[in-house]
Amino acid sequence: MMLSGKVCIVTGAATGIGRAIATRFAGEGATVVIDYVGKSDGADQLVASLAAAVVGLGFSPMFPALGVEAVATVPPASRGSAIGTYNLFADVAMVFVGPAAGLIASHVGYGGVYFGAAACVGAAAVIAALLLAVRRRRATFIDAAPGLRHRPAVPGQT
């Protein structure tokens, strides 16, 4: 990316040539500051489009990487089901999150979307912490119980 780490200020970026320049600069990795005169509708649409492009660029390499990690945690015999489940939840999330974010943005603005996303991340962190605590407690119980042996889920696996 030729413009990575650079800041570009584009005047008249809400429409026409300015919009095309802002889009191209963002595509080259620049941080783009847009300026416009008059109604903000075109500028708002441009910012939403650029944000969607950035999210897409970030999600495209993450989706398969997270899938590999999810599949690696299950026994080989269950990996087909694991990747199917992973894809199903990703698809369901996309079906609901886009319209929900649009609804929130139309009523309270983009700040509400970011607040909602932060709240979801916080809730996921709490759920992950609780699941890890349960897992540790279970492991401690198994280690402390005399005569109770852990049996691997798949023969030959320790």
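The values are calculated or read from the model by the stated rules, or taken from the named source; none is laboratory data. What you see is a predicted model, and the numbers here were worked out from it, not measured in a lab. Cβ placement follows ideal geometry from the backbone for every residue including glycine, while neighbour counts extend to all protein chains displayed. For accessibility, only protein heavy atoms count, side chains too; no ligands or nucleic acids. Shrake-Rupley method; radii C 1.70, N 1.55, O 1.52, S 1.80 Å.
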inquiry  = Quick check for you: with a 1.4 Å probe and neighbouring chains kept, what is the accessible area per residue of the chain, in Å²?
reply    = 75
inquiry  = Can you tally the net charge around ALA30? Count Lys and Arg as +1, Asp and Glu as -1, for every other residue whose Cβ sits under 11 Å from the Cβ of ALA30.
reply    = +1
task = Count charges around LEU131 for me, please; just the other residues with Cβ under 15 Å from its Cβ, Lys/Arg as +1, Asp/Glu as -1.
result = +4
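Give me the dipole magnitude in Debye, nearest 20, for the chain about the Cα centre, with unit charges on the beta carbon: positive for Lys and Arg, negative for Asp and Glu. Before the final figure, lay out the partial values.
Values: 11 positive and 7 negative charges, 146 e Å.
The dipole magnitude comes to about 700 debye.
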request  = Using +1 at the Cβ of each Lys and Arg and -1 at the Cβ of each Asp and Glu in the chain, identify which of GLY102, VAL7, ALA118 lies farthest towards the dipole's positive end.
outcome  = ALA118
task = Output the relative contact order of the range 1-100, whole-number percent, from Cα pairs under 8 angstrom with separation of 6+ residues.
result = 20
message = Could you sort the peptides 59-71, 120-132, 23-35 by per-residue average Cβ neighbour count (10 Å cutoff), highest mean leading?
response = 23-35, 59-71, 120-132
task = Quick one: net charge around CYS8, please, counting Lys, Arg +1 and Asp, Glu -1 for every other residue with C-beta under 15 Å from its C-beta.
result = +1
task = Using a 1.4 angstrom probe on heavy atoms only, work out the carbon and sulfur share of the accessible area of the chain in %.
result = 69
